[in-house]
Amino acid sequence: MFWVSVAAILPACAPQKNGPVASVYHNTTARYNAYFYARQRIEEIEAAIDASNENNFNTILNIYPKIDTAVVAGLQEQIEDCIKKSSIAIERHPKSKWVDDSYILVGLCRFYNGDYGNAIQTFKYVNVNSKDKDARHRALIDLMRTFIDASEQNNAIAVSDYLKKEKLNRSNKIQLHLTRAYLSKQQEDFSNVVSNLLVAAPLMRNDEGKAKIYYIIGQIYQQLGFDAEAYSNYQKVLRSNPEYELFFYARLNMAQVYDLSRNSDIRKIRKYFRKLLKDQKNKEYKDKIYYEMAAFEQKQGNLEDAIELYNNSIVSSISNNRQKAYSYLALGKIYYEELKEYKKAKAYYDSTLTVLPADEPDFEQIANRQEVLAAFVEQLNIIETQDSLLALAEMDTASLSAYLEEVAASQQAQREATAKVAAQQQRRTQRSSNSLQQIDNPFAQNAEQAQDEVQGDKWYFYNAAALSSGRTAFTRKWGNRSLEDNWRRSEKSVAANLNQTPVAVADTTTADAGNKQSAEEIISSEKAMMMSEIPFSDSAKVTAYKKIEDAYFSLGNIYNFQLEEPTNAAQTFDTLLIRFPETPYKPEVLYQLYLITKGLEDSISEKYKNQLLNEFPNSTFAKILLNPNYREENNVDGERLKKTYKLAYNLYNRKHYPEAMQLLQDSLQAYPDNPFSDNVVFLEAMITGKMDGDLRYQLALQNFIKEYPDSELITYAEKLQETAKEFKEKRARERRAEFISEFEEQHTFVLVYDRTSDLSNELLYEIEVFNKNYFTESNLKTANLALDNNKLMIIVQQFPGKDSSYEYYKAFNGENSPLKRLAKSVTINVEFNNFVITEDNFDILYQTKDMESYLRFFSNNYGIFSIN
């Protein structure tokens with residue numbers, strides 16, 4: 001009888017049969033075999049994706065976990081098995097009610113695998129072919145999510161609009177509103193995120209993630225400033241039986257949005273935070289508790305307390321680098337935005353980027369600010385360092401020696417103290433793996449770290465804090481001293497200290513004499529190194545002042561354009577003009593000051609405008625001020641100049657030098673100031689070398705290097721200049737000086753002096769001032785050249801003939817001589833020779849280096865010979 005029943009059932013169970021027996025069979029078999037195992041696989045896949053996501057409670061939590069392709073790559077076995085099992089259910093039981101669900105599982109596998117095209121087709125197939133409205137609705141919801149992740153927002157919105165007309169079951173209604181919220185969050189439409197989540201949350205059971213949805217609603221309300229609503233939703237989180245982490249953060253956030261109407265409420269919140277700290281279950285969350293305590297105090301305006309608590313958070317962050325980064329960042333923002341202490345801000349931004357995960361939404365913005373602060377602090381350090389070095393250079397020898405010895409000793413004592421603390425810390429760490437429990441002073445680690453970060457460069461003069469400490473140490477021992485000789489005898493009260501060991505050295509006792517001697521050697525070496533950095537010579541001082549000048553200009557630009565602090569920018573630019581009234585940056589600085597003050601202080605703005613137009617009428621900035629479209633028009637001129645340059649270059653290659661030169665000169669006259677001018681002037685220099693000899697070629701290259709220091713052609717120009725010099729020296733050794741007695745041609749004035757004097761910059765400056773005061777109409781140009789390995793020259797060009805050059809020569813050696821001006825500010829112990837010379841004779845002199853022969857020629861033919 002049994003086999004008869006089996007025989008009757010088997011035909012009814014064929015895949016295509018529709019009878020009641022077949023229906024029961026296929027539904028049961030599909031559900032509890034292939035579909036059951038496929039469903040298990042999809043749950044494993046979703047659980048693995050969810051587990052790979054770290055909840056970042058400092059930002060609004062994700063509604064759906066982010067899909068990490070690396071994680072999905074490790075789930076390929078489960079994905080393939082899920083598709084295989086789903087396919088079995090579809091192929092073997094095509095008439096069962098689980099076919100649609102199996103197709104949906106296939107679509108989800110393709111979605112998680114990033115195969116959006118096939119996933120979309122699968123979900124569409126279910127929507128078109130399924131007779132089960134719940135399955136169709138679920139497929140459309142999954143289709144909507146796929147469209148969102150495939151960046152097809154309009155298609156996702158179309159699906160959402162269609163489903164508005166449909167009546168959904170509880171599960172699909174929840175998923176639809178979660179997916180709509182997911183879409184709105186990506187569009188940063190937080191109002192719609194909340195409205196959709198408020199529909200979904202009440203429908204959900206606790207085990208469906210109800211607490212998380214209420215938490216997200218609370219976060220958004222808190223971000224939008226609706227504290228009462230946020231508080232209410234955090235309470236709902238606590239009532240939804242959440243996991244402890246969510247429970248903890250909901251309680252923590254409730255303190256942030258608590259309505260503080262009385263001082264007693266503030267005390268209540270502080271007491272609540274202290275209670276959280278004492279709770280042993282919150283041990284791993286101490287960094288977050290301290291962080292929220294700091295944010296609370298910052299909100300109350302208690303910056304000192306906030307800074308201390310943020311530092312506590314940093315110390316407590318053992319393994320949570322993200323939280324540690326938030327604490328560093330909060331400190332950086334305080335010092336940047338509120339205290340305007342940019343050095344400390346830069347140090348904390350540096351620390352932030354060492355631990356901040358790259359997936360943070362604001363990572364790039366934080367990195368950009370760190371770069372700005374790094375550039376800012378660099379310029380600030382240059383100014384402080386060079387000013388300090390220049391001040392030290394003015395001290396008398398005895399005072400300076402004692403000061404540097406005190407500083408070096410103080411630095412050595414600090415190093416030894418730091419080493420001692422590090423050794424103690426290492427011993428404590430070895431005694432216990434739980435360093436946080438064992439640290440006697442939980443702030444020591446942070447203090448040491450902050451000290452390293454804020455101090456920056458280790459060398460003394462690059463460290464403003466150390467420099468200040470050194471001055472304090474010197475004052476403590478020797479008192480406030482004026483810069484005078486024999487300063488040690490200035491006050492009898494310090495006479496007893498003359499033979500004592502400096503305090504810092506006495507405090508740094510060592511275990512044996514050998515170590516003590518080593519410390520003394522280190523101090524002596526460091527003192528010598530510091531001494532070597534001080535700018536004692538005139539040329540070194542000029543270099544130091546140039547660094548300060550450049551730094552002030554850079555600092556003003558950073559204030560104005562990157563920190564967006566126009567008031568500080570204006571003050572910095574004003575300081576630059578006061579300290580360096582002849583700075584080459586003056587036209588641009590005046591223009592920036594005009595723009596900064598325009599509309600704020602019109603009278604001051606007009607002052608800067610008039611100064612720019614009067615002093616620098618031909619500058620680019622004056623032209624921009626008069627014609628706001630100047631740059632655009634200039635760029636058009638540059639394109640025209642490029643075409644002319646190409647024609648001139650072809651002429652140059654074909655050795656048609658005069659035609660090429662004329663074309664270039666005409667072009668520069670037509671378009672005198674544009675971004676391509678450096679290329680034209682460089683080609684002019686090359687043609688000059690072919691047409692007018694070595695002297696003109698050398699001067700043309702030097703003028704190019706001087707006028708276009710930022711050009712991409714500078715390196716090539718310098719190489720050509722060096723090659724030409726070597727070639728001339730070789731020719732000079734092969735010929736004798738035979739000067740030409742033809743004087744009715746252009747002349748050059750020459751001042752020759754010893755290379756060892758280091759007066760190049762000072763001489764050039766004084767001569768340019770002299771020319772400006774007494775020969776304004778002559779349009780003279782100055783340049784520096786090397787005559788040989790021992791002698792340098794400053795040349796002044798061009799004089800049309802012998803008489804005009806001779807007038808200049810007499811004035812140069814008269815009462816207003818720039819050499820006399822220079823002697824008032826600089827001690828001069830160097831021999832100068834000056835004379836005038838024709839271009840042909842200069843070429844001979846430059847090649848032969850025979851200055852004595854030319855001085856005799858000059859005396860015989862010009863009637864006067866001057867050696868100053």
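The values are calculated or read from the model by the stated rules, or taken from the named source; none is laboratory data. All figures in this text were calculated on a predicted structure; none of them were measured in a lab. Heads up, the Cβs are rebuilt from the backbone with ideal geometry, glycines too, and the neighbour counts pull from every protein chain shown. When the accessible area is computed, the model is the full protein with side chains, heavy atoms only, and any ligands, DNA or RNA have been set aside. Shrake-Rupley method; radii C 1.70, N 1.55, O 1.52, S 1.80 Å.
Here are some notes:
- Scanning the range 301-310 for residues that are open to solvent by 60 Å² or more (accessible area, probe 1.4 Å) and under 16 Å from Ala255 (Cβ atoms) turns up just one, Asp305.
- Among all positions in the range 96-108, there is no residue which is outside any helix (DSSP H, G or I), open to solvent by less than 50 Å² (accessible area, probe 1.4 Å), under 30 Å from Tyr285 (Cβ atoms) and aromatic (Phe, Trp, Tyr).
A quick yes/no check of all residues on (1) modelled with pLDDT of 95 or more; (2) of a type outside the set (Gly, Ala, Ser); (3) within 21 Å of Glu243 (Cβ to Cβ):
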{"position": "Leu178", "(1), (2), (3)": "yes, yes, yes"}
{"position": "Gln186", "(1), (2), (3)": "no, yes, no"}
{"position": "Leu197", "(1), (2), (3)": "yes, yes, yes"}
{"position": "Gly209", "(1), (2), (3)": "no, no, yes"}
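- Some residue of the range 603-612 being closer than 26 Å to Ala551 by Cβ, in a loop (DSSP other than H, G, I, E, B) and touching a helix residue (DSSP H, G or I) at 6+ places or on another chain (Cβ under 8 Å): no
- Within the option set Ser191, Ser151, Ser160, being among the polar types (S, T, N, Q), over 19 Å from Val128 (Cβ atoms) and in a helix (DSSP H, G or I) holds for one residue only, Ser191.
- Residues that are loosely packed, with under 15 Cβ neighbours inside 10 Å and either in contact with a strand residue (DSSP E or B) (Cβ under 6 Å, 6 or more places away or on another chain) or of a type outside the set (Phe, Trp, Tyr) (or both) within the range 153-185 comprise Gln153, Asn154, Ala158, Asp161, Lys164, Lys165, Glu166, Lys167, Asn169, Arg170, listed in sequence order.
- Residue in the range 403-410 that is open to solvent by 50 Å² or more (accessible area, probe 1.4 Å), in contact (Cβ under 8 Å) with a residue 12 or more places away in the chain and under 14 Å from the mean Cα position of the chain (by Cα) present: no
- Inside the range 213-245, residues that are in contact (Cβ under 8 Å) with a residue 40 or more places away in the chain, open to solvent by less than 50 Å² (accessible area, probe 1.4 Å) and either in a loop (DSSP other than H, G, I, E, B) or closer than 21 Å to Ile289 by Cβ (or both) make up a count of 2.
- Every residue from the range 738-755 that is open to solvent by 30 Å² or more (accessible area, probe 1.4 Å) and either under 18 Å from Asp788 (Cβ atoms) or assigned to a strand (DSSP E or B) (or both): Phe739, Asp754, Arg755
To keep it simple, each residue is scored yes or no on (1) in contact with a His (Cβ under 6 Å, 6 or more places away or on another chain); (2) within 17 Å of Ala255 (Cβ to Cβ); (3) modelled with pLDDT under 95; (4) surrounded by fewer than 16 Cβ atoms within 10 Å (Cβ to Cβ).
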{"residue": "Ile266", "(1), (2), (3), (4)": "no, yes, yes, yes"}
{"residue": "Asn282", "(1), (2), (3), (4)": "no, yes, yes, no"}
{"residue": "Lys299", "(1), (2), (3), (4)": "no, yes, yes, yes"}
{"residue": "Val315", "(1), (2), (3), (4)": "no, no, yes, no"}
{"residue": "Tyr335", "(1), (2), (3), (4)": "no, no, yes, no"}
{"residue": "Leu339", "(1), (2), (3), (4)": "no, no, yes, yes"}
{"residue": "Thr354", "(1), (2), (3), (4)": "no, no, yes, yes"}
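- Residues of the range 382-402 that are outside any helix (DSSP H, G or I), open to solvent by 30 Å² or more (accessible area, probe 1.4 Å) and of a type in the set (D, E, K, R): Glu394 alone.
- Wholly within the range 769-842, strands (runs of 3 or more DSSP E) carrying at least 1 residues that are basic (Lys, Arg), on the phi < 0 side of the Ramachandran plot and in contact with a strand residue (DSSP E or B) (Cβ under 6 Å, 6 or more places away or on another chain): 781-786, 791-799
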